[in-house]
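The values are calculated or read from the model by the stated rules, or taken from the named source; none is laboratory data. As the structure is a computational prediction, the values presented were derived from the model and not from experiment. Every residue, glycine among them, receives a Cβ derived from its backbone with ideal geometry; neighbour counts consider all protein chains shown.
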Amino acid sequence: MIGGNVVLAADRGDLAQPGRLTALEICAGAGGLALGLERAGFDPVLLLDNRPIACETLRANRPGWDVREVDLAAFDPAEDQQVYDVQLLSGGLPRVKSPATATRTRGDDAELAVLGAAVDLIYGVQPRAVLLENVPDLVRKDEYEPIRASVAEELGHLGYRFRWHVLNAKDFGVPQSREVGLLVAFKDDLIERFEWPKPHQGPPPTVGRTLLDSMGERGWPDAARWAAQADVIAPTIVGGSWDRGGADLGPTGAKRKWERIGVDGVTVADLVPGADFSWNPVAGRSGRVPLTVEQVALLQGFPAEWFIAGRKTARYRQVGNATPPPLAQAVGEAIASVLRSGDRR
């Protein structure tokens, strides 16, 4: 299960399997990107994150993975030469704000520094491909052009050709509208073979369908009735700042959307509703059902057995800031196809 005190995940850290590809994962977080890439055929030779709780989550789910707690800028690939010439360098980087906003907001210089350290690491590692995930605004808004231009110049010097794109997780089977900004790069001319993954056919699963079983786990008699009316996909789940605040389901607009399906978005629960819970949304917050961290993780596309370490707020932050695994898998499969085609030349 996602959370609790029991780890049910299997050790899937065996590397160098026939037909599989190697990866170096940076800013690995709760493992959403790494899990999706694992499903797409990539095995990480090393995973880096600077938060102890994220490293605990990764080790709990994949004891065979080599997970290091380290600041990206302090990592020296010369001391871990298994990362040289991996097929893929991947990472979900801290959310970069526009240069204009960064001048007024504390902490964004550090986030830009992480992006710079990631590009520097590409030089040190020389992967065949790169996948970096960030906010969609980084891809499409004019005020981010100086950042995009800087990345483009550095990648060009290193011999990489690249593409920016925005994908929405709801198009890949995730029950949530979540736009993700992506940078994919390949050495030399392999980018010409790359195609962004096409959306899945049919609508994504709804919130109600995704959470029905979990809502009834403690005998809540209204679970099916609640699920039937929750026939929408979730608004974007926001992890929030690690430096302040507790766990909730996002800004005011998102909370209003949750309210429409009888969910209390102001808090995150420890447990799903019990048999005595009276669901009466018109009565206000007391009559709305709050979601648990485990349920939010399901809405992010994590499997139910994925363990998230820590206390409630830290667990929610990890989940809310993660890359949805099904989206990561789709992009990973597209990258893997190109890399394998290159091997056949």
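For this structure, a couple of remarks:
- Pair list, Cβ < 8 Å and 6+ apart or interchain, from the stretch 109-120 residues that are in contact (Cβ under 8 Å) with a residue 24 or more places away in the chain to residues that are of a type in the set (D, E, K, R) and surrounded by 14 or more Cβ atoms within 10 Å (Cβ to Cβ): V119/E154
- Residue match in the stretch 230-245 (condition: outside any loop (DSSP other than H, G, I, E, B) and either outside the structural domain of A54 (by TED's automatic domain parsing) or surrounded by 12 or more Cβ atoms within 10 Å (Cβ to Cβ) (or both)): yes
- When L167 is tested against the conditions (1) at pLDDT 95 or above; (2) not in a strand (DSSP E or B), the lone failure is (2).
- In the stretch 286-311, the residues that are touching a residue at least 24 places away in the same chain (Cβ under 8 Å) reach residues that are assigned to a helix (DSSP H, G or I) and among the basic types (K, R) with C-beta atoms within less than 6 angstrom, at least six apart or across chains, in these pairs: V293/R315; I308/R315.
- The lone exception for S177 - which of (1) at pLDDT below 95; (2) surrounded by fewer than 21 Cβ atoms within 10 Å (Cβ to Cβ); (3) in contact with a helix residue (DSSP H, G or I) (Cβ under 6 Å, 6 or more places away or on another chain) it fails: (1)
- Considered as a group, the residues in the stretch 259-300 that are in contact with a strand residue (DSSP E or B) (Cβ under 8 Å, 6 or more places away or on another chain) and either part of a helix (DSSP H, G or I) or of a type in the set (K, R) (or both) include one that is farthest from D171 (Cα to Cα), and that residue is R288.
- For beta carbons closer than 6 Å, sequence separation of 6+ or different chains, a first residue in the stretch 159-179 that is in contact (Cβ under 8 Å) with a residue 60 or more places away in the chain and a second that is crowded, with 19+ Cβ neighbours inside 10 Å and in a strand (DSSP E or B), the qualifying pairs are L167/V180; A169/Q176; P175/A234; Q176/A234.
- Cβ-Cβ distances below 9 Å connect the following pairs, each with a first residue in the stretch 69-86 that is touching a residue at least 60 places away in the same chain (Cβ under 8 Å), a second residue that is part of a loop (DSSP other than H, G, I, E, B), and a separation of six or more residues or different chains: V86/Q126; V86/P127; V86/R128.
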